[in-house]
Amino acid sequence: MLSKLQKAAEFGSKRSVPIRVAEAIQQVIADNRIPAGQKIPSERALALALNASRASVREGISMLETL
């Protein structure tokens, strides 16, 4: 599943890293690649998969929680 997150985040965008992280997670959820009730991968795993810092991943997740 982490490779699917990488693909979701790989777009030539000038958006900030936390926004790209949030969008990648949203896309994976929208595509039902994370079943209802299943936890998302850890911050560390997301950071590695998305080539982002843990702080950016944390901020992206915080954005999704706010939504």
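What's the extension gain from R54 to Q26 if we count 0.36 nm per residue and subtract their Cα-Cα distance?
8.3 nm
What list of ³J(HN,Hα) couplings, whole Hz, do you get for the range 20-31 from phi and the Karplus terms 6.51, -1.76, 1.60, once you set θ to phi - 60° and write x for glycine and proline?
Each residue of the range 20-31 in turn: 5, 4, 4, 5, 5, 5, 4, 5, 5, 5, 4, 7 Hz.
Under a crude label model (7 Å from the Cα following the beta-carbon direction), how far is A36 from L64 in nanometres?
1.7
List the extent of the Cα atoms of the range 12-67 along each of their three principal axes, largest first, rounded to whole Å.
Result for the range 12-67: principal-axis Cα extents of 29, 22, 20 Å.
Read-outs throughout are calculated quantities, based only on the coordinates presented, and are distinct from any laboratory measurement. Note that this is a predicted model, so its numbers are computed, not measured. Positions of Cβ are backbone-derived with ideal geometry, glycine not excepted, and every protein chain shown enters the neighbour counts.
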